[in-house]
Ligand code: DHB
C-alpha cells in the first residue's frame, strides 16, 4: 500500500495543481498529482477565458509548448457599455498592459500535455483522495486508483489544489480557520455559439434588463453571458429567447447587433465570494479555488490560482532544497494580500454592472453615476485597467 515518496503531493490536477507541478519540476522537485476527475472531463470544462499578463508569462515558458501566444488573442482594452453606449477602457494607453483571451480548457490542455511529455506523475480518476498526517514530518496523500487499489504516497509537503469543494481545506482545524463568504442574488447564463465575433474586444454591459458580457473564443466560436436567476434551468431557454435577451441588453442608439448562430453549450454559473484564512496549516498548503472563489465578473479566478502557485513554488523549493521554511511561513499572507484585492475588484465590478432583483430607482441611477465616474476619469479608468490586467507580485514583508 505504501508507494514511492515524493517531495510534494498535490491533490488536484486542474490548472493550479498542474502549473504548480511544472514549476516544481523546473526546481528539481518530485511531485505527484491526484484528481478525482477524468482527464477528458477537465479538458471539456468550459470556464473563463481571460489571462493577465503575469499568467501569460507563466504559460509561455518554453518547456510547456503552450499555444497561448500563437492561438491566444491579445486584448488591449474592454468596453464598458451602459445607457446603450460603449466606453472603451484602453489598457495599453492607461497602464501599458494587456490581457490575453485564451480559454481555460486550452490552458489545461497545454499543462496536461506537457505533463505527459515530461513523464510527470499525474493520476486522474482516483477516489477518496485526502491528505494524511499533515501535522507530522511524514505527511502524504491517500487515494484509491481507478483500478480500485488504495495508495499512500508520502511527501515532505501536501498541496490542496482541489477546487472550491476542497477536501483538503477541512484538514485545517476549524478553530484555526476562518471563512469569509458573500452570496449574490444572481448567476450567469453562459453560452457557446458558432458565430463570428460581434466585437473585437469584450463588452461588459449594464442595462435595465440586467448585465451581459460579450466575449469571444475564436473566429467561429463566441462566448456570451447574461445575468439570470440562480435557479434558472439552462434547458428551459430556447435559442431564440437567449438571443433576444442578449440583444436587449446591448441595445443602443449606436445600433450594436449581435451576430447569432447555433448555440452548442448552455450553463448557469453560480456566484460566490469566498476566502479561507489561513491558506496553510503545518505541512499543508491550499492554492486556487480550494482557498478562495470570486464571482466571474473580471475573470480573476484562474489568474488568482496561478498567482498562488507562483508564490508557493519557490517557497516549497527553498524548503525542500535548502531546509529554509521562511518563504513558506509567509505564503498565506502573501497570497491573501492579492486575494483580497481580487475579491474587492470582482465584487466591485459585479455590483457596478449587475441589476439587483429588487433594485430601487435610486440605486439603479447611482450605479450609472458610478460607471460615469469611472469612464469620465483617466484615473478611474486607470484604476480599473490596473486591476483588470493584474497586480505585480508583492512580497509578504511589504504587505
Ligand atoms: C470571460 C469570462 C469572464 O468572467 C470575464 O470577466 C471575461 C471573459 C470568458 O469566459 O470569456
Kindly provide the set of residues from the stretch 86-102 that are surrounded by 14 or more Cβ atoms within 10 Å (Cβ to Cβ) and out of contact with any helix residue (DSSP H, G or I) (no Cβ under 8 Å at 6 or more places or on another chain), ordered by number. 86, 88, 92, 93, 101
Just the residues that are away from the ligand (no atom under 16 Å from the Cβ) and more than 30 Å from residue 130 (Cβ to Cβ), please, taken from the stretch 22-75. 54, 57, 60, 61, 62, 63, 65, 66, 67, 69, 70
Does residue 30 satisfy being surrounded by fewer than 21 Cβ atoms within 10 Å (Cβ to Cβ), at pLDDT 95 or above, out of contact with any helix residue (DSSP H, G or I) (no Cβ under 7 Å at 6 or more places or on another chain) and within 23 Å of residue 317 (Cβ to Cβ)? yes
Here are 255, 261: which of them is more than 28 Å from residue 107 (Cβ to Cβ) and over 26 Å from the mean Cα position of the chain (by Cα)? 255
Residues of the stretch 76-115 that turn out to be in contact with a strand residue (DSSP E or B) (Cβ under 8 Å, 6 or more places away or on another chain), more than 16 Å from the ligand (Cβ to nearest atom) and within 15 Å of residue 42 (Cβ to Cβ), as a count: 2
Given the criteria crowded, with 21+ Cβ neighbours inside 10 Å and either within 16 Å of the ligand (Cβ to nearest atom) or touching a residue at least 40 places away in the same chain (Cβ under 8 Å) (or both), does residue 312 qualify? yes
I need the full set of residues from the stretch 253-270 which are in contact with a helix residue (DSSP H, G or I) (Cβ under 7 Å, 6 or more places away or on another chain) and either within 16 Å of the ligand (Cβ to nearest atom) or closer than 23 Å to residue 351 by Cβ (or both), in order please. 258, 263, 266, 267, 268
Please verify whether the stretch 372-384 includes one or more residues that are in contact with a helix residue (DSSP H, G or I) (Cβ under 8 Å, 6 or more places away or on another chain), buried (at least 17 other Cβ atoms within 10 Å of the Cβ), more than 23 Å from residue 75 (Cβ to Cβ) and touching a residue at least 40 places away in the same chain (Cβ under 8 Å). no
Counted residues, the stretch 210-245 - those being closer than 20 Å to residue 353 by Cα and within 14 Å of the ligand (Cβ to nearest atom): 11
Answer with yes or no whether residue 9 is surrounded by 23 or more Cβ atoms within 10 Å (Cβ to Cβ) and modelled with pLDDT of 95 or more. yes
Only one residue in 246, 258 is crowded, with 18+ Cβ neighbours inside 10 Å, part of a loop (DSSP other than H, G, I, E, B) and touching a strand residue (DSSP E or B) at 6+ places or on another chain (Cβ under 9 Å), so which one is that? 258
Please work out which residue is surrounded by the most Cβ atoms within 10 Å (Cβ to Cβ), limiting yourself to the stretch 338-365 and to residues that are within 16 Å of the ligand (Cβ to nearest atom) and over 30 Å from residue 310 (Cα atoms). 353
Taking the stretch 273-297 as the search range and keeping residues that are more than 16 Å from the ligand (Cβ to nearest atom) and in a loop (DSSP other than H, G, I, E, B), which one is farthest from residue 59 (Cα to Cα)? 282
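The values are calculated or read from the model by the stated rules, or taken from the named source; none is laboratory data. Just so it is clear, the structure is predicted and the values come from calculations on it, not from any experiment. Because the Cβ atoms are built from the backbone with ideal geometry, glycine has one as well, and the counts that use them run over all protein chains shown.
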